[in-house]
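Comments concern the structure below.
Since every read-out is calculated from the coordinates, none of them should be taken as a lab result. Computed from a predicted model, the values in this text were never measured in an experiment. Every residue, glycine among them, receives a Cβ derived from its backbone with ideal geometry; neighbour counts consider all protein chains shown.
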Amino acid sequence: MKTKELIYAALFAALIAVLGMIPPIPLGFIPVPITAQTLGVMLAGCFLGKRMGALSLIIFIILVAIGLPVLTGGRGGIAVLVGPSAGYIFSFPIAAGLIGWYSEKIWPKVRTWKLVAINIIFGVLLVSLIGAPVMALITNTSIWVGLVGALAFLPGDIIKAVIAAVITMQLKAISPIEEKTQI
């Protein structure tokens, strides 16, 4: 891996940590708040591609694990990684990797609407389909209740999917994916 790629991955891990500074919106009916950090997950995948996108989220999870307060609300540590948010957090590298993989595939003919669709499928639906059942298991509720509760995230997550796609299209010329396709 090149130094430039490591720098991109570290920068996106830092960006996701900065998005964690935006105060969470707690929901009374599920223990996982609405956060801006999924925007960073989608941006990492769209902009960096599969390898660097996933790596940036792995770096982020390592920062959480060592106790840095990089999650929304200033949370961090192993306890968070075994709590109700665990499934969501551990789905981040998978989501970024899949978003990046599809983004790379369509890059020569990329359009905003295609990135929005990819973000919704992997950055919204996949994250919820992994995170909600894990949350339900940890909180000892039914998986169905967890999935229904996760519907509260949909409106905001769809907005984040659009924002990530628009930002990526605006910065397309400097994306590492663009560099790969030029070679």
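The length gained by stretching the chain between residue 78 and residue 154 to full extension, at 0.36 nm per residue less their Cα-Cα distance, is 24.6 nm.
Could you work out how much longer the chain between residue 5 and residue 180 gets when fully extended? Use 0.36 nm per residue separation minus the Cα distance between them, nm to one decimal.
Working: separation 175, 0.36 × 175 = 63.00 nm, distance 1.17 nm.
Residue separation times 0.36 nm, minus the Cα-Cα distance, leaves 61.8 nm.
The string of couplings for segment 52-68 from the Karplus curve (6.51, -1.76, 1.60, θ = phi - 60°) is 6, x, 5, 4, 4, 7, 5, 4, 4, 5, 4, 4, 4, 4, 7, x, 5 Hz, one whole number per residue in order, with x for Gly and Pro. Scanning residues 5 or more positions from residue 34 or on other chains, those with amide H under 5 Å from its amide H are 25, 27, with H placed 1.01 Å from N in the peptide plane.
The GNM of the chain, with springs linking C-alpha atoms under 10 angstrom apart, assigns the highest mean-square fluctuation among 160, 50, 172 to 172. Cross-link check: pairs 2/109; 2/172; 109/172; 109/180; 160/180; 4/114 evaluated at a Cα-Cα cut-off of 23 Å; pairs beyond the cut-off: 2/109; 160/180; 4/114. Between segment 1-32 and segment 105-131, the C-alpha centres lie 18 angstrom from each other. Before anything else, pin down the relative contact order of segment 1-133: Cα pairs under 8 Å, at least 6 apart, normalised by residue count, whole percent. Across segment 1-133, relative contact order equals 26 percent. Placing a label point 7 Å from the Cα of residue 147 along the Cα-to-Cβ line, the residues of segment 15-51 whose backbone N sits under 18 Å from it are 30.
With the Cα gyration tensor of segment 114-156 giving a ≥ b ≥ c as the square roots of its eigenvalues, does the rule (a/c under 1.5 for rounded; else a/b larger than b/c for prolate; else oblate) give rounded, prolate or oblate? Could the numbers behind the result be given before it?
Values: a/c = 3.77, a/b = 2.32, b/c = 1.63.
Judged from the Cα gyration tensor, segment 114-156 comes out prolate (a/c at least 1.5, a/b above b/c).
Here the ratio of the Cα radius of gyration of the chain to 2.2 N^0.38 Å is 0.98. For the chain, the longest principal axis of the Cα atoms and the long axis of helix 3-19 meet at an angle of about 40 degrees.
R0 = 25 Å: FRET efficiency of residue 29 with residue 137, Cβ-based, nearest 0.05? Walk me through the numbers on the way to the answer.
Values: r = 17 Å, r/R0 = 0.68.
That pair, residue 29 with residue 137, gives E of 0.90.
Between the beta carbons of residue 106 and residue 171, assuming R0 = 25 Å, the FRET efficiency works out to 0.95 to the nearest 0.05. Within the listed set 147, 55, 115, the residue fluctuating most in the Gaussian network model of the chain (springs between alpha-carbon atoms under 10 angstrom) is 147.
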